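Asker: What follows is a single structure, and I will ask about it in a moment.
Rule-based calculations on the coordinates, nothing more; no lab input. Predicted, not measured: the structure shown is a model, and the values here were computed from it. Reconstructed Cβ throughout: ideal geometry from the backbone, glycine too, with neighbour counts over all protein chains shown.
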Amino acid sequence: MFSDTTHYFRQAAERMGIGERVQRLLEKPKRTVKVEVAVELDSGDLAVFQGFRVQHNGARGPFKGGLRFHPTVDEDHSMALAALMTWKSAIVDIPYGGAKGGIDCDPNQLSPGELERVTRRFVSEIHEVIGPHKDIPAPDVNTNAQIMAWIMNEYSRINGYSPAVVTGKPVDLHGSPGREEATGLGVTFAIQRYLERKGLSIAERRYAIQGFGNVGSHLARHLHQRGGKVVAVSDVHAALHNPEGLDVPKLLEHMGARGTVKGFEGGDALPRDDLLYVDCDVLVPAALGGVFTQENARDVRAQLIVEAANGPTRPAADAIFNERGVDIIPDVLANAGGVIVSYFEWVQNIQQFRWELEDIRGKLDRFISGGCKTVFDLAERKKIPYRTAAYIVAIGRVGKATVLSGI
Amino acid sequence: MSEDDQAPRRTRVTERFTRVPIFAMYLEDDEVARILAISDEISVRGDSEIFGPGEENDGFYIIIKGRVNIDLPSERGGRTTIATLSNRSVFGEMSFLRGDRKRSAWAHATEPTVLTKVRGDAFREMLEKGDVAAYKVIYNFAQLIAARLRRVEDELLDTLDELGPKRRERKLAELQEFRQKLFKEWSF
């Protein structure tokens, strides 16, 4: 996936006719911080982990991006993901540069006390390079609202009360309402804007959703509320299909009780991977990266793919979809709802003011729709796929900020 | 010590190694254990030599804890430090992969250091037998070296750009062209 991001970036840069030197200038991170995170385990042993923070491009604003706690975290992965955050923020026009980082620990092997000590130690090591106007971390793989609360507290101990240093905090501790549903609702708005351009509406279409976690379930709810027919869903345990449309409120109730879509009676069980090939209008991968490959791209029947997950389409599959005329709303646009509501959380923290949920939904719609309009207009004008257009918008905005502020 | 005591211990040891970059991708616990079975743990005092140029190349090292400088002979007969490595870094792998019989650099522990040394002949034997664990380690080496090469290329191009007025001119011209593209052809 990491090299896929680079591939799509270069594809767009070449389409723009940008030289190798400028490409490298835009790709290179501004700063990489690598620290040792030494903590005492409950057993009394000392454990030393490595922590990273890569800050990619700060021309448009302070750095922003997730912190992941995972044994595979390293500098190269963080670099590609930090760049992805720069492009994503630019496409939906929020005033951030991209960052990414994490610690190479496995939180499942740590006690809550150990996890808290690891988090606090990491903050004390990197506190000089993060801050409300420098770099604002957020949750990512294996990190959550509790960890963000510890980060805020540790940073505040050093620098004074600073809720805006981190987003994705608990709602009771300066978090924002609407953060939970943000990505799923953002995907809904992106679909709506696409369909409107074709003279259609959400109500007239059939949807299949791969992944029924935080993103997939909120998406299903919002599509259903707007009259959309969700004909298939899947999670890690099972896939369900009902050509007449699944009863989404009942399915959500089932999910809440059982923690899986498996066993829901309102649809027929499907082999899990077959979800990608069901007869539907809009297919939404909302779980994993790399699901569309050269081997399966020709079997997809949907006319529109909306990438709620990060990196679901490998470059070979992307080329096949383009050749077949299947439209893709790319991840960098479709799933930007999360970072947009993070932005709202940061703004509320700085304003020391709380917005209502309806306010947040309205503003989220404005930012996603603004991104869609710019990307869709450019794609139509230049006759290029949405993904290429999205990356061109990103390069254009970041490039302008870079040259205007003086290289 | 009972067997029950040993079992979790081994898992902990294997876990410790899954965070070493050369074991990071695709290696299962039992595969890491197979590599560790052909390895020895070595402790060295601070400010001591691990190996030097001309010594026999008999494997590569993983730093468990501590700090190691890699020094190359400099033109005037001294030493130039090219890298300072710490926990979970690997060294001695370049000459091992090249198949050199002798070491070309110094490895010098600058503080009390614990190392795991993977025996070169035993590792080669695993490769000859087609043991997938050894090939996975080689794949991880390839990833590390590719990333390192990319960084060197970037540094080289930057250095070349800084040298010579022609290259600098070309860079400025490219930036100028980029600026024009942004504000005319690709404005939105």
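Asker: In whole angstrom, how far apart do the alpha carbon centroids of the stretch A:102-144 and the stretch B:112-188 sit?
Answerer: Measuring centre to centre over Cα atoms gives 28 Å.
Asker: Once the Cα atoms of helix A:315-324 and of chain A are each reduced to a long axis, what angle between those two axes, in degrees from 0 to 90 to the nearest 10, is obtained?
Answerer: That works out to roughly 30 degrees.
Asker: Other chains near A:21-28: what is the mean number of their Cβ atoms within 10 Å of each residue's Cβ? Could you put the intermediate results ahead of the total?
Answerer: Details: counts 11, 7, 2, 5, 5, 1, 1, 2.
If you average over the peptide's residues, the count of other-chain Cβ atoms is 4.
Asker: Suppose R0 equals 45 Å; then what is the FRET efficiency for A:Asp106 and B:Asp161 from their Cβ-Cβ distance, rounded to the nearest 0.05?
Answerer: 0.60
Asker: Take peptide B:85-97, look around each residue's Cβ out to 10 angstrom, count Cβ atoms belonging to other protein chains, and average those counts.
Answerer: 1
Asker: So what is the 222 nm mean residue ellipticity for chain A from helices alone, if each DSSP H run of at least 4 adds -39500 (n - 2.57) and you divide by all residues, rounding to the nearest 500 deg cm²/dmol?
Answerer: -14500 deg cm²/dmol
Asker: Determine the sum of side-chain charges near A:Tyr277: Lys and Arg each +1, Asp and Glu each -1, restricted to other residues whose C-beta is under 15 angstrom from that of A:Tyr277. Working shown, then result.
Answerer: Numbers: positive: A:Arg206, A:Arg272, A:Arg298, A:Arg301, A:Arg324; negative: A:Asp268, A:Asp273, A:Asp274, A:Asp279, A:Asp281, A:Glu295, A:Asp299.
Computed value for this residue: -2.
Asker: While we're looking at this one, here's another question. What does a probe at B:Glu125 reach in the stretch B:45-79, counting residues whose amide N is under 15 Å from the point 7 Å along Cα→Cβ?
Answerer: Residues passing the 15 Å test: B:59.
Asker: Right, another one. List the residues, sorted by chain then number, that are 5 or more residues from A:Gly98 or on another chain and whose placed amide H is less than 5 Å from its amide H.
Answerer: Placed amide hydrogens put A:His56, A:Asn57, A:Lys64, A:Thr86 under 5 Å from A:Gly98.
Asker: Report the far tail of the P(r) of chain A, meaning the percent of Cα-Cα pairs longer than 30 Å.
Answerer: Details: 34067 of 82621 pairs.
When every Cα pair of chain A is considered, 41 percent fall beyond 30 Å.
Asker: Could I ask something else about it? Evaluate the relative contact order of chain A (contact order divided by residue number), counting alpha-carbon pairs under 8 angstrom at least 6 apart; express in whole percent. List each step's numbers first, then the result.
Answerer: Details: 837 pairs, mean separation 67.7, N = 407.
Answer for chain A is 17 percent.
Asker: Next up: Using a simple spin-label model with points 7 Å from Cα along the Cα→Cβ vector, what separation in nm is obtained for A:Leu41 and A:Arg157?
Answerer: If labels sit at A:Leu41 and A:Arg157, their model points lie 2.3 nm apart.
Asker: Relative contact order, percent, of chain B when contacts are C-alpha pairs under 8 Å separated by at least 6 residues? Don't skip to the end; give the middle numbers.
Answerer: Working: 269 pairs, mean separation 48.1, N = 188.
In percent, rounded to a whole number, it is 26.
Asker: Using alpha carbons only, how many degrees (0 to 90, rounded to 10) separate the axis of helix A:112-126 from the longest principal axis of chain A?
Answerer: Tilt of helix A:112-126: around 70 degrees.
Asker: Order the peptides A:367-373, A:141-147, B:24-30 from the highest to the lowest mean number of other Cβ atoms within 10 Å of their residues.
Answerer: Per-residue Cβ counts within 10 Å, averaged per peptide and sorted highest first, yield A:367-373, A:141-147, B:24-30.
Asker: Give me the net charge of A:Gly216's neighbourhood, meaning all other residues with Cβ under 12 Å from the Cβ of A:Gly216; Lys, Arg count +1, Asp, Glu -1.
Answerer: Within the 12 Å Cβ shell, the charges total -1.
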